[in-house]
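In what follows, a single structure is set out as structure tokens and then discussed.
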Amino acid sequence: MLKLIKYLKGYRPQALIAPLFKFVEALFELIIPLIVARIIDVGIAGGDKDYVIKAGLVMVGLGAAGLMFSLACQYLAAVSSSGYGTNLRRNMFGHINKLSFSELDKIGASSLLTRITSDVNQTQQAVAMFIRLITRVPFIVIGSAVMAFMINAKLALVFVAGAVVISVILFLIMRYTIPSYRKVQQKLDRVNELTEENLTGARVVRAFSKQEEEERDFAAATDSLTKTSERVGRLSALLNPLTYVVINICVIAVIYFGGYKVFDGVLTQGELIALVNYLSQILLALVVFANLIVTFTKASASASRINEVFALSASVTEKTDTVVIGDDNAPEVEFDNVSFSYNADRLSLKNISFSLPRGKRLGIIGATGSGKSTLINLIPRFYDTTEGAVRYKGIDVREYPFAQLRSQVGIVAQKTGLFSGTVRENMQMGNKNIDDEKITEALKKAQAYDFVSKLDGYLDAHVEAGGKNFSGGQRQRLTIARALAKEPSLLILDDSSSALDTLTDKRLRTALEELPNLTTIIVSQRCGSIKDADAILVLEDGETVGYGTHDTLYGDCEVYREICQSQGVGKGGGK
């Protein structure tokens, strides 16, 4: 938690002033038992009604003042903790966006979602309670004990014994609950992961009639979460009853032995009541402290998980933010003996070499899992090569600033990624200053103009999150249009026309051919989409098994020929 306190920046005055208000409120609370004692010993014992009324009014005044100070503290604590949570989420979100794909793959989207929501909320709640109670609880406990010693030192030793026993109980429970709360958050990650999978893959689950199996898996995950939560909850729940037992035993001891002292004239009745009141204050303070410990135990586990995210540093970093001037006469893209591994166990790409001149088209084909998407992810530096070099316009991509490199590369991924907003806002993601005329031109080239022009509002038409209000083919055409709208020098289509019919796909490729100086890489499972490319790269198990034109590969590459024959495509591209 201490590492995260820096996110109180901007709210430190409130965080420092709030405990002072709570301190004053606690001071008033410590005075009240003394007034009660005086009411009993002076007012009631002496039959002085005026004294009782005056002292009672003083008590009411102290209570009202204490309430006002308490409300002020609550407000400032809420402001501080909310500001802390906002700062932490903003910085965490920014840090996550700076991480490379390797680090994101390591933690996983579902776990990151839990950490930036549930875990941050836990630490925010802990900060709020800390600000409210950091001065009150220790001051009440220590102050009540001191006041008790001032009244009668021997009876006050009961307070000390009770505090020691409660401290031991707190230590033992904390020792076993902190690891358990961490497990609870991990199991919550699993529940979120299953939820995400079933929501995004609902059609697949129903298409294969796997609802019952998915429900069983989800039930197993939630049962595991429930059992772990119940186990740690039962252990944490022991705090309050054990604290009450210890304090009430102390109260009984004070009343029992105090009664003899009153009888012997050592104590007055008012002083005995004051001692009981101070014990009650300690009881309430320690109960609150026990709940504070539970909150901090949860927050400690959450803070550890948050710090794990901040401890990650991007494995893909930029060397400079200075614009790099590439060589327009060099190949647009060049792979020089490139190998890549997601982990140390196996290579996903092995010794890949090819060059793609400016304005040319490269087709990439291969079986599922052959490394096609991995290969194109190396060009914009989503990952860095394990061996070899990827060059863009003659310069290693690792030399480019991210913004410059990715501004010149337009990528349309396999999974469409439209965002909630309007069509115009989605088209402006790569170029905020693009005008409507150029957006329309991009839509026409992507074969999306026909259906977008019919939408209510045209470019102002609403787009739901993920583009759920469009069909699969429409979403693909919109993402292609978005990539074209940024006017890239290199366009990468990663199996992004799989939902298009053959005619629309052909029109799209024809439109792209008309763009001057646009270098295109088309990743596809369909031979018909790449057969007219200037060169075709055939991958199998991460290795190059063929490179050349369609006719050359059809005669020389068995893997490519089998793919073509399975799709009814013959030599020369005909069926």
Filter the range 537-549 down to residues that are outside any strand (DSSP E or B) and open to solvent by 10 Å² or more (accessible area, probe 1.4 Å), then give me how many there are.
2
Every residue in the range 265-314 that is of a type in the set (G, A, S), open to solvent by 10 Å² or more (accessible area, probe 1.4 Å) and under 32 Å from the mean Cα position of the chain (by Cα), please.
S300, S304, A311, S313, A314
How many residues does the range 315-369 hold that are open to solvent by 40 Å² or more (accessible area, probe 1.4 Å), in a strand (DSSP E or B), without any contact (Cβ under 8 Å) to a residue 60 or more places away in the chain and in contact with a Gly (Cβ under 9 Å, 6 or more places away or on another chain)?
2
How about the range 1-29: which of its residues are within 21 Å of I293 (Cβ to Cβ) and β-branched (V, I, T)?
I5
Can you pull out every residue in the range 95-144 that is polar (S, T, N, Q) and farther than 30 Å from Y383 by Cβ?
N121, Q122, T123, Q124, Q125, T135, S144
Determine the pairs where a residue that is farther than 18 Å from T123 by Cα, located within the range 169-190, has a partner that is part of a helix (DSSP H, G or I) and of a type in the set (S, T, Y) with Cβ atoms under 8 Å apart, the partner being 6 or more residues away or on another chain.
I169/T243; I173/S236; K187/S224; K187/T228; R190/S110; R190/S224
Helices (runs of 4 or more DSSP H) wholly inside the range 165-278 that include at least 2 residues being aromatic (F, W, Y)
239-264
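May I ask you to list the residues in the range 238-264 that are among the β-branched types (V, I, T) and over 57 Å from the mean Cα position of the chain (by Cα)?
Of everything in the range 238-264, just one residue is among the β-branched types (V, I, T) and over 57 Å from the mean Cα position of the chain (by Cα), namely V262.
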So how many residues does the range 309-323 have that are touching a helix residue (DSSP H, G or I) at 6+ places or on another chain (Cβ under 8 Å) and modelled with pLDDT of 85 or more?
3
Residues I5, I40: which one is out of contact with any Pro (no Cβ under 8 Å at 6 or more places or on another chain) and within 30 Å of V266 (Cβ to Cβ)?
I40
Do we find that L235 is open to solvent by less than 50 Å² (accessible area, probe 1.4 Å), more than 26 Å from the chain's Cα centre (by Cα) and hydrophobic (A, V, I, L, M, F, W, C) in this structure?
no
Go through (1) farther than 26 Å from P331 by Cβ; (2) open to solvent by 10 Å² or more (accessible area, probe 1.4 Å); (3) assigned to a helix (DSSP H, G or I) and name the single condition C564 misses.
(2)
Being more than 28 Å from M129 (Cα to Cα) and free of Cβ contacts under 8 Å to residues at least 40 places away in the same chain: is that true of R206 here?
yes
The range 125-142 residues that are in contact (Cβ under 8 Å) with a residue 40 or more places away in the chain, paired with ones that are in a loop (DSSP other than H, G, I, E, B) and basic (K, R) (beta carbon under 6 Å, 6 or more apart)
none
Given the structure, is G61 assigned to a helix (DSSP H, G or I), free of Cβ contacts under 8 Å to residues at least 24 places away in the same chain and within 30 Å of T385 (Cα to Cα)?
no
Here is a check on your reading of the model: is G85 under 30 Å from E193 (Cα atoms) and either open to solvent by 40 Å² or more (accessible area, probe 1.4 Å) or part of a helix (DSSP H, G or I) (or both)?
yes
Could you say whether any residue in the range 436-443 is closer than 22 Å to A499 by Cβ and in contact (Cβ under 8 Å) with a residue 60 or more places away in the chain?
no
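Pick out the one residue from V254, V266 that is modelled with pLDDT of 80 or more and farther than 13 Å from I282 by Cα. Steps first, please.
Values: V266 fails: modelled with pLDDT of 80 or more.
Selected residue: V254, the only one of V254, V266 that is modelled with pLDDT of 80 or more and farther than 13 Å from I282 by Cα.
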Somewhere in the range 60-71, is a residue open to solvent by less than 50 Å² (accessible area, probe 1.4 Å) and in contact with a Leu (Cβ under 6 Å, 6 or more places away or on another chain)?
no
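The values are calculated or read from the model by the stated rules, or taken from the named source; none is laboratory data. No experiment lies behind these values; they were computed from the predicted model shown. Don't worry about glycine lacking a Cβ; one is built from the backbone with ideal geometry, like all the others, and counts go over all protein chains shown. These accessible areas exclude ligands, DNA and RNA; they are computed on the full protein's heavy atoms, side chains included. Shrake-Rupley method; radii C 1.70, N 1.55, O 1.52, S 1.80 Å.
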